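Values in this text are rule-based calculations from the coordinates and carry no lab data. Because the structure is a prediction, the values reported are computed rather than measured. Please note: Cβ atoms are built from the backbone with ideal geometry, for glycine as well, and neighbour counts cover all protein chains shown.
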Amino acid sequence: MQGMRREHVDTTRPSPVCPPPLPSHPKIVTPRFVSGAHPIRQIAALPYRTLGSGADAPTQVLLVTSRGSGRWVVPKGNPGSGLSSHAAATLEAEEEAGVQGVICPTPLGSYRYRKKRGNGASLMVDVEVFPFSVTRELDSWKEQAERQRKWFSLAEAADSVDEPDLRDLIRSFGPEEFRAATRRRGVLDTVVQKSKVNRMFAWFQRLLPRTGNFFEMFEAHAATVVAGADALARLLQDGGRDHIREVIEREHDADEITRQVLQTVRVTFLTPFDRGAITALIGSMDDAIDEMQATVRAIDLYEIDAFEPEMKDMAGIVVDAARLTLEAMPLLRDVARNGARLHELTERLVRMESHADDIHAAGLKRGYKELGPRDPLQFAVQRELYKHLERIVDAFEDVANEIDGIVIDHA
């Protein structure tokens, strides 16, 4: 009859039981909640079906295209008001993919990605994924005109999605795929296994010289600092509160990288620079984004939504200082060859810090004249904000000094 939704019953075998939670996996992200910067939370369904009844029957995953970019994704959305997480995931599967079935209330895992907002902010999103055994494919559904759907093998589905953590999660869904995903051995481990040598005799692996991946971590940290600086500048331009969240998230990302550097220094036999130079450089870069976080927290605390021209100018200096820092990091791989360029970059950072001092002084002077006599409390708030912005630029000068020290020692 017209107007009624026709349903097609799938003859493939749905999984009759809820799959147990998988062992912990290094690439499957579990939600991390930190004070003041909870990532946005979403839920998703992983629609699947098993072709056949045997234990070795292949498993397929249903993906849908996103409405914006047309890339392949799992059905996902925001948790529904008054709904449990898995019930909300069931609703997303029906609305976006046009499937019905049985969902396991125990999540398979979660993955993390950055979602671009219309105001330019790029915010972290944690997506909890629930296995969804498909029993029916609907011939018509809510978002049919906006999306495509397609069944993939586990390997094909993993290759089709963009998020690395989701890719590993999909690969881990089947037993064989899970064993392959968790079988991450180094060369020595492979030799030990193939030669049947007991692992207890591989103690000498700890004695092999290691140089660490310091340059990659420096570059990753600098990229995080650039992202934080961009978000801070957007905040001072349009006052969007999403930018506050992004700066805080970026600071936590930078902290993770800093911890990796400090841990690697302790276990590395051969380091590219003096250990003190490594820790001082990463520490000064971390100070810069720490001060960015302190700045946005002050803006949030005092509910500041209008910013003086001098503040915006200082934010512009912060953005350019972060960019110069990012440019300098790859050059440290060959200090002897790149010493002249590194010195140019550090000279500019020092000049920018001096300019920021002048802007800071001019802003304070104007603020005192306009607010001091009639609104000393508002002037005190402005003065604190200027102080934080100045400290950001001061931290970049410290970065320049640390780079200069490395150049002097190694060029």
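Residue separation times 0.36 nm, minus the C-alpha to C-alpha distance between Thr271 and Arg71: what's the value? Spell out each step's value before the answer.
Numbers: separation 200, 0.36 × 200 = 72.00 nm, distance 4.17 nm.
Stretched out fully, the Thr271 to Arg71 stretch lengthens by 67.8 nm.
Would you mind checking the pairs Lys76/Lys116; Lys115/Lys387; Lys116/Lys387; Lys116/Lys365 and listing those with alpha carbons more than 27 angstrom apart?
Numbers: Lys76/Lys116 16 Å; Lys115/Lys387 31 Å; Lys116/Lys387 30 Å; Lys116/Lys365 38 Å.
Over 27 Å Cα-Cα: Lys115/Lys387; Lys116/Lys387; Lys116/Lys365.
The range 79-138 gives an Rg/Rh value of 1.05, both radii derived from C-alpha positions and Rh following Kirkwood. Computed 3J(HN,Hα) for the range 343-351, one whole-Hz value per residue from the Karplus formula 6.51 cos²θ - 1.76 cosθ + 1.60 where θ = phi - 60°, is 5, 4, 5, 5, 4, 5, 4, 5, 5, glycine and proline marked x. Counted over the range 295-410 with a bin width of 5 Å, the fraction of Cα pairs per bin, in whole percents, is 2, 12, 21, 18, 15, 11, 8, 7, 4, 2, 1, 0.
Under 10 °C and 1.306 mPa s, how fast does the range 314-357 diffuse according to Stokes-Einstein, given a Kirkwood radius computed over C-alpha pairs? Answer in µm²/s, whole number. Write down the numbers at each step before the final one.
Values: Rh = 10.8 Å.
D, rounded to a whole number, is 147 µm²/s.
Between Ala411 and Asp238, how high is the FRET efficiency from 1/(1 + (r/R0)^6) when r is the Cβ-Cβ distance and R₀ = 30 Å? Nearest 0.05.
On the way: r = 43 Å, r/R0 = 1.43.
With R0 = 30 Å, the Cβ-Cβ based efficiency is 0.10.
3J(HN,Hα) along the range 363-379: x, 5, 4, 5, x, 5, 5, 7, 10, x, x, 10, 8, x, 5, 5, 5 Hz, from the Karplus curve 6.51 cos²θ - 1.76 cosθ + 1.60 with θ = phi - 60°, whole Hz, x for Gly and Pro.
Please work out the FRET efficiency for the pair Asp334 and Asp394, using the Cβ-Cβ distance as r and a Förster radius of 35 Å; give the result to the nearest 0.05.
Numbers: r = 29 Å, r/R0 = 0.82.
About 0.75, to the nearest 0.05.
Compute the Rg/Rh shape ratio of the range 212-294: radius of gyration over Kirkwood radius, all on alpha-carbon atoms. Write out the running numbers ahead of the final one.
On the way: Rg = 14.1 Å, Rh = 13.2 Å.
Result: Rg/Rh = 1.06.
Applying 0.36 nm per residue to the separation of Asp162 and Val350 and subtracting their alpha-carbon distance, the gain on full extension is 63.7 nm.
The phi-based Karplus calculation (6.51 cos²θ - 1.76 cosθ + 1.60; θ = phi - 60°) puts the 3J(HN,Hα) values of the range 120-130 at x, 5, 10, 10, 6, 10, 9, 10, 8, 10, 10 Hz, whole numbers, x for Gly and Pro. Mind giving me the FRET efficiency for Lys150 and Asn78? R0 is 30 Å, r the Cβ-Cβ distance, nearest 0.05 is fine. Once the sixth-power term is evaluated, E becomes 0.80.
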